[in-house]
Amino acid sequence: MADDEAEATFPQEQATPAEPQVSTEQDGHGDNSDADSDEYDPSQGWEGQYSNPINDSNQLEAGPVDASVADDEEDSVPNAIDAPETEADQTSASVEPSQDPSRAESSTPMQLSGATETPRARTIGGFEVDDEDDQGDADYEPPAVLGGEDADAMPVTMSEDPSSGIANQNTPPDVSSHTAEQTPASGPDVANSSYSPAPVSNIDPSSVPVQSHWAAQDLQSATMQNSTTSTPVPDSPAAKGRLAHDRVGILEDRIQKDPRGDIPAWLELIAEHRGRGRLDIARETYDRFFEVFPMAADQWVAYATMESELNEFFRLEQIFNRTLLSIPSVQLWSVYLDYVRRRNPLTTDASEQARKTISSAYDLAIQYVGMDKDSGNIWTDYIEFIRSGPGVVGGPGWQDQQKMDLLRKAYQRALGVPTQALNTLWKEYDQFEMNLNKVTGRRFLQEHSSSYMTARSSYTELQNITRDLIRTSLPPLPPLPGSEGDVEFAAQANIWKRWMAWEKQDPLVLKEEDLSAYKSRVVYFYKQALMAMTFLPEMWFDAAEFCFQNDLEDDGTDFLKKGIEANPESCLLAFKRADRLEVASESEQDSAKRAQKVREPYDKLLDALYALISKARDQETQDVARIEASFPSTNAEGQAQDEDDADPEAKEREAAKKEQIDAVRKAHSTQINIISKTISFAWIALMRSMRRIQGKGKPGEIAGSRQVFAEARKRGRITSDVYIASALMEYHCYKDPAATKIFERGAKLFPEDEHFALEYLKHLLDINDTINARAVFETTVRKLASNPENVHKAKPIFSFLHGYESRYGDLTQVINLETRMRELYPEDPALEQFASRYSNSIFDPTSVQLILSPSQTRQKMTMTGFPPDVHGSPMARYMDTSLNSPKRAYPTDEFDDDSNRPRKFIRADSPMKSAQGRRLDQPKRVQQLNGQSVSYRPQGSPAPLPREVVNLLSIIPAASSYNIARLSPEKMVELLRHVDIPSDISQVQIPQNVHGSSGGQTQGGGNPYSGKITHLLSLFA
């Protein structure tokens, strides 16, 4: 207990030590003392043998508590008691941001029209305005200045509640649906004090498959990967003043900081509690873990195994009730089957009730996980269980016949599922049928051989698809592109998608025979994929879409609900869920009730996104504080130094600190701007949905789209896209002049937003208000051009107005615009600018080339100038010559058309060649060199190629990769037709560098055919 004694000193160093929570958890131990019976009776059915789940945190054994244990628990979870209160306060602060004057607009409704007062200079969002129409936007803050706010004013929202979370969960139906005579079992009253913590095995987090491939990225590393800031490790003890040996506290801090990304911290914390014998705290940690990862089958198996080793059968049954029907895990069902067989021994089963119970459990397991490719062991055990039953296969009695029928049925069902035990089962089935009756056995084998062959080929294909797949139930968060683990995660996601596409193709041919089995199989493997890809919203979307397209409405809705619970920030799932609710509620007469149903997914999405902004601002504050703490103050307080006498090193440190702080603020500002953009489009989607349901609304009666727009402005953190969408909705749907008012208001909030200015300009031109359109144009471009960093933003505005003026304006205005554009953008070519007056996106009349004469379309006669780096030129066939060995003929049809080379190896030259042979062969070589045709002997073999040529052919690419220009046979024949072949070898000039016999050389001048021959050879270059 050395660690415990040292750990007990930690609360003395804390400012506000937490109260120990163990004593409070022991009060309600005896409440459920009668909930368990001495027997495990599976006959009670699925519906409610146990009406409420056991609250592990409240099931501690009553009695005195060891002081050392209490101290350890007090030190390990210092904020476990205060966390719920803090989270509630922070949540309320984030839900009602309008109470914060620095974050939200005034609660005064937007006035689209009305009397105006004397204008006065005010500041809105950092910009000076003087229009009374902006009274409602006085406190609005555009995203452009988010990076410069006071981060301390932001509410902080905890991302995880460290308190226990199983008290409010609904208990699934009891998975035990069988009756048997049971041995006494321990219930919740079994004391934990009799348990010795020594033999408990720890969970090794490094053994988790996913962690060896994907590194979990927390929020700071994801948003600041390009930053040069050097900050302390987030989970270091120094980050929160933890002692180095306070393992539990450090792990709790890591979990609180990143509950979904830091999976190793969860596993280490569970192992730490189990290793110290704190089983109740370990159970509480398991429950918190399953709130974040409800489909983590591997950890459910570890949890069930722990309870089974402790003989906590009541708790074990509760685990089965919560998991078996919702988590498709072969390993979890195997633990359940082992438990059922353990509680129903066959050796003392005189009434055969235990055998019936086990048989029903196997049937249930096969129904839920029997189609898994890894379920071969369950099928094998089931068949062996049937074999061990009473009766003799092939016997005359009714029990013997019943056993034979059960075995045949089990074999036939197993042979239709692609598993690893398929070949073994087929051999056993063949032997089983042939031993009974060879005539009927052949008939049964023939009937089921097709399904066996289909399953075997499908299993082979499935193994090829999933060769590199890691079937884990601990899902990692998707890494950002360019971050560590992004390639591995994308590869795993692609494998799952290929598997799902393969299942949808129906390789087992189930659609025609059993459509429901096909649908169940695809849904089952979607659940398998989502166990590993829980945080990939598109996988949830695909699963729900498949269900909706195949009349599985309940399954599709369940996929969307669970996907939103796992990914509350996903716009994809929230929008899909809202669309389904809107379509399903079309028959609802009350528009208010219908709008309330449809708004639910949007409200959850917006709450999650606003919480992300709060978390990002809090993280930015912490990062800036770390940087400032890492740079000590250069001057002591009260000491002043002149500017000239300042320490150069102090200036460098101050500059380095400022640079790091700016980099951190810039990184967080980029992230917050992306979240603000997402929030804006979520408001836009909600606004459009409410318009479809309630229209634009009526004050005091119906909310409608205008009320949503007012809520978005009040809650803040929106971009100009919300103003654009609301204004265009007012104009296109209702032709309401309020659209122009909304644009005017947005123009004062977003004066440097080029996208908003462009949409405002288009709207004014749509309503034929050209005077105000030109005024808006001049105001916007002057403001943008005044800052050299924003000059590029004005270019699309110039381009749009230039196109409008070219079509509908005066030429003088067009020329003036072009002059201004040349001054601001001198790199743009004048020709392109001028041609844009008369062209559109489809056709440009200024660049078209018309055909004026047939000479312009004359076809090329030669092929010249291949690039020097072109590879893969087509090779000529190997032609037979007189130099070949006459030992064996080589037919011409043996050539490979693809590679143009012989398929067999060419025989080498005979080693018996002598000087006499070379002298006899010399005249033939001279003739071939001088171009004189030689006789073709079809019995010969291709001539061996020189070593250099063979080496070259092995290096250059294949002929199929040559994709530029190929030899034209027609032109080749035409060229050869006009070539005059000399009749005498003396007319051909032999090159001077040829050695050997000089009989064929001429000393004359140039060769008249050399040009055409060179041209001929160039065709093969």
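The values are calculated or read from the model by the stated rules, or taken from the named source; none is laboratory data. No experiment lies behind these values; they were computed from the predicted model shown. Here the Cβ is made from the backbone with ideal geometry for all residues, glycine too, and neighbour counts use every protein chain on show.
Some points to look at:
- When LEU817, LEU801 are checked against the criterion of being touching a residue at least 24 places away in the same chain (Cβ under 8 Å), of a type outside the set (Gly, Ala, Ser) and in contact with a helix residue (DSSP H, G or I) (Cβ under 8 Å, 6 or more places away or on another chain), LEU801 stands alone in meeting it.
- In a residue-by-residue description of segment 619-634, the property of being crowded, with 17+ Cβ neighbours inside 10 Å and either small (Gly, Ala, Ser) or closer than 25 Å to PRO475 by Cβ (or both) applies to at least one position.
- Any pair with Cβ under 6 angstrom, 6 or more apart, that starts in segment 970-986 at a residue that is among the hydrophobic types (A, V, I, L, M, F, W, C) and ends at one that is assigned to a loop (DSSP other than H, G, I, E, B) and at pLDDT 80 or above: none
The rows are residues; the columns are (1) over 13 Å from THR780 (Cα atoms); (2) of a type in the set (Asp, Glu); (3) under 36 Å from the mean Cα position of the chain (by Cα).
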| position | (1), (2), (3) |
| --- | --- |
| LEU728 | yes, no, yes |
| CYS733 | yes, no, no |
| ASP736 | yes, yes, no |
| ILE742 | yes, no, no |
| ARG745 | yes, no, no |
| ASP753 | no, yes, yes |
| LEU761 | no, no, no |
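- Qualifying residue in segment 833-848 (condition: touching a residue at least 24 places away in the same chain (Cβ under 8 Å) and within 30 Å of PRO737 (Cβ to Cβ)): no
- Test: THR770 is under 23 Å from SER726 (Cα atoms), among the polar types (S, T, N, Q) and either surrounded by 12 or more Cβ atoms within 10 Å (Cβ to Cβ) or modelled with pLDDT under 95 (or both): yes
- Any hit, segment 643-664, residues being closer than 25 Å to LYS576 by Cβ, at pLDDT 90 or above and of a type in the set (D, E, K, R): no
- Selection within segment 699-737 - outside any helix (DSSP H, G or I) and either in contact with a helix residue (DSSP H, G or I) (Cβ under 9 Å, 6 or more places away or on another chain) or within 19 Å of ARG599 (Cα to Cα) (or both): PRO699, GLY700, GLU701, ILE702, ALA703, GLY716, ARG717, ILE718, THR719, ASP736, PRO737
- Enumeration of residues in segment 292-338 that are more than 31 Å from the chain's Cα centre (by Cα), buried (at least 22 other Cβ atoms within 10 Å of the Cβ) and hydroxyl-bearing (Ser, Thr, Tyr): TYR336
- Residue match in segment 475-488 (condition: within 17 Å of the chain's Cα centre (by Cα), among the polar types (S, T, N, Q) and closer than 21 Å to LYS373 by Cβ): no
- When we screen ARG442, ARG467, ARG456, ARG413 for residues that are closer than 30 Å to ALA566 by Cα and surrounded by fewer than 19 Cβ atoms within 10 Å (Cβ to Cβ), the only hit is ARG467.
- Matching residues, segment 462-516, being in the same structural domain as ALA532 (by TED's automatic domain parsing), in contact (Cβ under 8 Å) with a residue 40 or more places away in the chain, in a helix (DSSP H, G or I) and more than 30 Å from PRO264 (Cβ to Cβ): TRP502, LYS504
- THR347 being out of contact with any Cys (no Cβ under 8 Å at 6 or more places or on another chain) and in contact (Cβ under 8 Å) with a residue 12 or more places away in the chain: no
- Segment 827-841, residues that are in a loop (DSSP other than H, G, I, E, B) and over 14 Å from GLY803 (Cβ atoms): GLU827, ASP828, PRO829
- Sole residue being of a type in the set (Asp, Glu), out of contact with any Asp or Glu (no Cβ under 9 Å at 6 or more places or on another chain) and under 26 Å from SER669 (Cα atoms), chosen from GLU778, GLU754: GLU754
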